[in-house]
Amino acid sequence: IRNPEEIALLKRHQGFRLVFIEAPIRKRYLRVMKRKREGEEKLTFEKFKELEEQELRSSDSAGQQLLKCREMADINLVNDSTRKALHKKIDKLLGEKA
């Protein structure tokens with residue numbers, strides 16, 4: 001979910017809670033490089049930051065607006081470590097909300 005209008009629609013449903021997961025930009029870039037998708041191998045960190053900024057701050061109501069989505073989230077998690085650490089955070093969150 002990367003658009004506030006999608007969130008507004010989902011929030012009409014009772015019990016819907018949005019969890020926003022974010023990671024530091026350097027970690028996201030390294031993860032992109034590690035997954036080795038076709039076309040991404042030549043992506044520089046500077047270009048990656050530029051593309052990320054577009055997704056964060058788009059003023060297009062139909063486009064991605066991640067900062068607005070983060071503001072609308074009920075819970076924010078930081079994914080700045082391993083996948084296992086993220087899963088522990090999610091498990092803890094689910095245990096608290098169950």
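The values are calculated or read from the model by the stated rules, or taken from the named source; none is laboratory data. The structure displayed is predicted, hence computed values, not measured ones. Cβ atoms come from the backbone with ideal geometry, glycine included; neighbour counts cover every protein chain shown. In case anyone asks, the SASA skips ligands and DNA or RNA and just uses the protein heavy atoms, side chains included. Shrake-Rupley method; radii C 1.70, N 1.55, O 1.52, S 1.80 Å.
So Gln64 fits all but one of (1) in a loop (DSSP other than H, G, I, E, B); (2) open to solvent by 80 Å² or more (accessible area, probe 1.4 Å); (3) in contact with a Ser or Thr (Cβ under 8 Å, 6 or more places away or on another chain); what number is the exception?
The number of the failed condition is (2).
Name every residue in the range 40-61 that is within 15 Å of the chain's Cα centre (by Cα) and assigned to a loop (DSSP other than H, G, I, E, B), in order of residue number.
Within the range 40-61, just Ser58 meets the criteria.
When you scan the range 67-98, how many residues do you find that are outside any loop (DSSP other than H, G, I, E, B) and more than 11 Å from the chain's Cα centre (by Cα)?
Final tally of qualifying residues: 19.
Name the single residue, out of those in the range 22-39 being under 14 Å from Asn79 (Cα atoms), among the aliphatic types (A, V, I, L, M) and not in a loop (DSSP other than H, G, I, E, B), that is most open to solvent (accessible area, probe 1.4 Å).
Leu30
Exactly one of these conditions fails for Glu50: (1) open to solvent by 80 Å² or more (accessible area, probe 1.4 Å); (2) at positive phi. Give me its number.
Failed condition: (2).
Does Lys36 satisfy the condition of being modelled with pLDDT under 95, out of contact with any strand residue (DSSP E or B) (no Cβ under 8 Å at 6 or more places or on another chain) and either at positive phi or among the basic types (Lys, Arg) (or both)?
yes
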